[in-house]
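Written out below as structure tokens is the structure these notes cover.
Computed from the coordinates by the stated procedures, all read-outs in this text should not be read as laboratory data. Because the structure is a prediction, the values reported are computed rather than measured. Ideal geometry is used to build each Cβ from the backbone, glycine not excepted, and the neighbour counts take in all protein chains shown.
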Amino acid sequence: MNSRLHPSSPPAAQGHVRASPDRAALLVVDDLAKHYVTAQGPFTVLDGIHLTVQPGEIVCLLGASGCGKSSLLSTIAGLQPADRGCIYLHGQRIQAPDPRIGLIFQEAALLPWLTVQHNVALGLQLSHMRRLSRPELRSRIDRALLSVGLEKFHRAYPHQLSGGMAQRAAIARTIARDPHLLLMDEPFGALDAITRLEMQQLLLGIIAQRHCTALLVTHDLDEALLLGDRILLMSRHPGRIHREWAITAPQPRMRHTEDLMALRAEIFTALSEVMAKTTS
Ligand SMILES: Nc1ncnc2c1ncn2[C@@H]1O[C@H](COP(=O)(O)OP(=O)(O)O)[C@@H](O)[C@H]1O
Ligand SMILES: [Mg+2]
């Protein structure tokens, strides 16, 4: 294996934060559990989730469909309550949506009757956001549209945009709010392979330029290998962090695909194992 690739130790040895959160960390998830009640009865979707993300990191959360990736992201985002455990942002416990956290989903969910610039503006005028002056609003919108390459499309309506452009507009809507942490749930899952590659590079540029931190959910191992500083593999029933790997190969990773082959095979094998264990 290439010396730049360091598979990390198994979960028991990873030094999870318990009593006192790591105050230097951007995000700490400490012993999180989440239950759902369904027609078939209650079930535990997440149990004993420990996760620490340092400032500037891109952490990819990989796992089979149904293992609880989206549930974990929406719990961290404060969209649903945890049933046990704590979530800390910059060392402060959070229990509700926080303006320092930006969300990006697979669907752009733009309002069709608003132009691109007005869709971006809407994200800046939510009730829990600080009220911005008109020039500040204008400059935030312009900067965000420039970051995603849509500066010439500010007056376009969503139906005039391709899938990739719509997702760019959705990213602009989120980054205009200057989030510290980006939570992304399969953000490029609906795009064709070439557009997805373009969007992945765009995202890396935005994260570097804005000094953001990102937790990105994907079921695409290659996406995780291209983007992540770390890859966390989730198992299911209940959802847990099963293993993690640090990836130290430099960006752009497209130039290091040969170096990543051994790690890809290792993660693929681990993914097959967790799926075999939990497939009924
Ligand atoms: N609000 C909910 N109520 C009940 N069950 C849910 C809810 N959300 C998700 N689930 C179930 O929890 C499991 C994990 O779902 P999800 O978090 O969407 O997984 P993933 O994103 O990894 O595919 C699935 O079995 C799903 O059907
Ligand atoms: Mg999901």
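Give me D for the chain in µm² s⁻¹, whole number, from Stokes-Einstein with Rh from the Kirkwood sum over alpha-carbon pairs, 37 °C and 0.692 mPa s. Could the numbers behind the result be given before it?
On the way: Rh = 19.6 Å.
In µm²/s, the coefficient is 167.
For the residues Lys277, Lys69, what sequence is obtained by ranking on other C-beta atoms within 10 Å, fewest first? Intermediate results must be reported in sequence, preceding the final value.
On the way: Lys277 11, Lys69 23.
Exposure proxy ranking, most exposed first: Lys277, Lys69.
How big is the Kirkwood radius of the range 80-221, worked out from every pair of different alpha carbons and given in Å to one decimal? Could you put the intermediate results ahead of the total?
Numbers: mean 1/r = 0.0633 Å⁻¹.
Computed over Cα pairs of the range 80-221, the Kirkwood hydrodynamic radius comes out at 15.8 Å.
Would you list the P(r) distribution for the range 138-233, with all Cα-Cα distances sorted into 10 Å bins from 0 and each bin expressed as a whole %?
For the range 138-233, the binned pair fractions read 15, 50, 30, 5, 0 percent.
Working from Cα positions, state the angle (0 to 90°, nearest 10) between the long axis of helix 163-175 and the longest principal axis of the chain.
90
Would you kindly derive the ³J(HN,Hα) couplings of the range 31-44 from the backbone phi angles with the Karplus curve 6.51 cos²θ - 1.76 cosθ + 1.60 (θ = phi - 60°), listing them in order in whole Hz, with x for Gly and Pro?
6, 6, 9, 9, 10, 10, 10, 10, 4, 7, x, x, 8, 8
Counting other beta carbons within 10 Å of each Cβ, put Phe188, Phe268 in order, fewest first.
Values: Phe188 26, Phe268 11.
Fewest to most other Cβ atoms nearby, the residues stand as Phe268, Phe188.
What is the helix-to-structure angle for 257-278, meaning the angle in degrees between its Cα long axis and the longest Cα principal axis of the chain, kept from 0 to 90 and rounded to the nearest 10?
70
For Leu215, Leu79, what's the fewest-to-most ordering of other Cβ within 10 Å of each Cβ?
On the way: Leu215 25, Leu79 13.
Least to most surrounded, the residues fall as Leu79, Leu215.
Where Rh is the Kirkwood radius over the Cα pairs of the range 117-189, the temperature 4 °C and the viscosity 1.567 mPa s, what D in µm²/s does Stokes-Einstein return?
On the way: Rh = 12.6 Å.
Answer, rounded: 103 µm²/s.
Going by amide H atoms built from the backbone, whose H comes under 5 Å of the H on Gly239, apart from near neighbours?
Placed amide hydrogens put Leu46, Asp47 under 5 Å from Gly239.
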